[in-house]
Amino acid sequence: MRRSIAFVTPFVFLRDDYIFSPHHELDQMLRVNYRKHFFRRPNVSLLTLASYLDDSYDIHYVDEQYAPIDFDKSYDIVAISIMTVNAFRGYEIADKFRAKGCHVIIGGIHATLAPAEAKEHADTVVAGEGEEAWKKFLADFETANPQPYYYGGSMNLDESLPPRYELLPND
């Protein structure tokens, strides 16, 4: 059975009235510094996880730095990678896709540091390195038994697959 998956990177820096964090002190610190640290780099972690998928998946790379998210689309799996600076936006995205019945999995440094918080917005949370946890999740998902948490240990990068850069937009 063909499955669809969206790898989503939330935008880090949005409009001036955007709340970066529900924690006032962190929000103020990020608001003061965000323009100095603007960057447009693809999420190599998600592109690497895409390398572990075979041809039975329709793969979509969605990065708000490049294009808006189409919330009218639906996917079997929505994988979101978050850092603290974009966690709040990541949770908004996760909540919208969960409301549509998509299985949402959240990982990234913020999910690793605050897995219980991330779990409030996701069906599954990955804490730690994603590669091994991702492979376990996919196997469990295929048997309709995804777990609420996966813990990735350390990863030998020599054994990691190369990122799927061809998924990036060309415009």
(request) Could you check, for segment 114-135, whether at least one of its residues is open to solvent by 20 Å² or more (accessible area, probe 1.4 Å), part of a strand (DSSP E or B), within 30 Å of residue 28 (Cβ to Cβ) and among the hydrophobic types (A, V, I, L, M, F, W, C)? (result) no
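Regarding segment 98-107, can at least one residue be identified that is assigned to a helix (DSSP H, G or I), more than 23 Å from residue 52 (Cα to Cα) and without any contact (Cβ under 8 Å) to a residue 24 or more places away in the chain? I'd like the intermediate steps shown before the answer.
At the first step, the residues of segment 98-107 found to be assigned to a helix (DSSP H, G or I) are 98-99.
Remaining after also requiring more than 23 Å from residue 52 (Cα to Cα): 98-99.
Imposing the further condition that a residue be without any contact (Cβ under 8 Å) to a residue 24 or more places away in the chain reduces the set to 99.
Scanning segment 98-107 turns up at least one residue that is assigned to a helix (DSSP H, G or I), more than 23 Å from residue 52 (Cα to Cα) and without any contact (Cβ under 8 Å) to a residue 24 or more places away in the chain.
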(message) Condition (residue is buried (at least 18 other Cβ atoms within 10 Å of the Cβ) and over 21 Å from residue 61 (Cβ atoms)) applied to segment 155-171: is it met by at least one residue?
(response) no
(message) Against the definition (at pLDDT 95 or above and aliphatic (A, V, I, L, M)), how does residue 116 come out, yes or no?
(response) yes
(message) Among the residues of segment 61-73, what is the count of those that are buried (at least 16 other Cβ atoms within 10 Å of the Cβ), touching a helix residue (DSSP H, G or I) at 6+ places or on another chain (Cβ under 8 Å) and closer than 29 Å to residue 145 by Cβ?
(response) 2
(message) Quick check on segment 74-94: of everything there that is open to solvent by 10 Å² or more (accessible area, probe 1.4 Å) and touching a Ser or Thr at 6+ places or on another chain (Cβ under 9 Å), which residue is nearest to residue 3 (Cα to Cα)?
(response) 76
(message) I need every pair where a residue in segment 63-91 that is farther than 15 Å from residue 43 by Cα and acidic (Asp, Glu) has its Cβ under 6 Å from the Cβ of a residue that is open to solvent by 20 Å² or more (accessible area, probe 1.4 Å) and part of a strand (DSSP E or B), sequence separation at least 6 or different chains.
(response) 76/3; 76/4
(request) Please list, ordered by first then second residue, the pairs with beta carbon atoms under 6 Å, 6 or more apart or interchain, first in segment 139-162 and touching a residue at least 24 places away in the same chain (Cβ under 8 Å), second in a helix (DSSP H, G or I) and acidic (Asp, Glu). (result) 146/140; 152/132; 155/131; 160/131
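The values are calculated or read from the model by the stated rules, or taken from the named source; none is laboratory data. Remember, predicted model here, so these are calculated numbers, not experimental data. Don't worry about glycine lacking a Cβ; one is built from the backbone with ideal geometry, like all the others, and counts go over all protein chains shown. Heavy atoms of the whole protein, side chains included, go into the accessibility calculation; ligands, DNA and RNA do not. Shrake-Rupley method; radii C 1.70, N 1.55, O 1.52, S 1.80 Å.
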